[in-house]
1. Does LEU208 meet the test of being assigned to a helix (DSSP H, G or I) and either modelled with pLDDT of 85 or more or more than 22 Å from ALA53 (Cβ to Cβ) (or both)?
2. Name the single residue that is farthest from THR144 (Cα to Cα) among those in the range 1-41 being at pLDDT 85 or above and among the hydroxyl-bearing types (Ser, Thr, Tyr).
3. Among (1) over 18 Å from VAL145 (Cα atoms); (2) touching a Ser or Thr at 6+ places or on another chain (Cβ under 8 Å), where does VAL44 come up short?
4. Within the range 132-150, does at least one residue satisfy the condition of being loosely packed, with under 14 Cβ neighbours inside 10 Å and at pLDDT 75 or above?
5. Please state which one of ALA66, ALA36, ALA53, ALA71 is of a type in the set (A, V, I, L, M) and surrounded by fewer than 18 Cβ atoms within 10 Å (Cβ to Cβ).
Amino acid sequence: MRTLFRTAGRRLVRDILALSVAAAFVGLSYGAIAVASGVPPWAVISMSLLVFAGGSQFLAVALLAAGSPVAAVLGGLLLNARHLPFGLAVADVLAGSLPKRLIGAHLMIDESVAFAMAQGDQARRRAAYWLTGMSLFVLWQTGTVLGVVIGSAVGDPAQYGLDAAFPAALLALILPSLREAVGLQVAVLGSAIAVVTTFFLPAGLPILLSLLGLAAAWRRKRAEVRA
């Protein structure tokens, strides 16, 4: 562990810790919302430990609460399909024994991959990946447990604004992309599809169909290639 800290350097460690603390609050929101939605506390905590994918966990809880287990499964598969190219991108970081690769694969989330890919040499890539994955895992579990306790005590997390933590975090993540034309097109098209289909489709399906907003990026990419 000391080797990882030394290799990463103070600045990188500081950035990772800041992100991990923020993730803990999102995990708290997840735990509180899940319990308030009727998911048993043991299932909420188990999902965090075994799935460890914030977006998929929120989606699963929302769709299960709406009575759409099939949509929950399909949504989770679609969201986590991005881990396939992630694995190829950080294959060098995960090299080693089978147990190490299995643990590394479990810690493969957007943040750990992003921090690793931002580093210039392999040693720092490896340090960034493992430090990010481990710190986020620990603080996400901590936030989830606290959220379960708080959610069980307060009943409705909306009274305290806990239900807004995850959407606010996602909005903060996509704001930089909205400055670009293609990012704005994807967001507008996806939002429009979700809003329109909400009126006649079962809960959960509009969210899945909003992924069709990515067609805007695909069309723009094709136009650039032709040009």
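The values are calculated or read from the model by the stated rules, or taken from the named source; none is laboratory data. This structure is a prediction, so every number in the text was calculated from the model and none was measured. All Cβ positions, glycine included, derive from the backbone under ideal geometry; neighbour counts span all protein chains shown.
1. Values: assigned to a helix (DSSP H, G or I): yes; either modelled with pLDDT of 85 or more or more than 22 Å from ALA53 (Cβ to Cβ) (or both): no.
The answer is no for LEU208.
2. Top of the filtered list is SER20.
3. For VAL44, the exception is condition (1).
4. Just the residues of the range 132-150 that are loosely packed, with under 14 Cβ neighbours inside 10 Å, to begin with: 138.
Within this subset, residues satisfying the condition of being at pLDDT 75 or above are 138.
Looking through the range 132-150, at least one residue is loosely packed, with under 14 Cβ neighbours inside 10 Å and at pLDDT 75 or above.
5. On the way: ALA36 fails: surrounded by fewer than 18 Cβ atoms within 10 Å (Cβ to Cβ); ALA53 fails: surrounded by fewer than 18 Cβ atoms within 10 Å (Cβ to Cβ); ALA71 fails: surrounded by fewer than 18 Cβ atoms within 10 Å (Cβ to Cβ).
Going through ALA66, ALA36, ALA53, ALA71 in turn, just one is of a type in the set (A, V, I, L, M) and surrounded by fewer than 18 Cβ atoms within 10 Å (Cβ to Cβ): ALA66.
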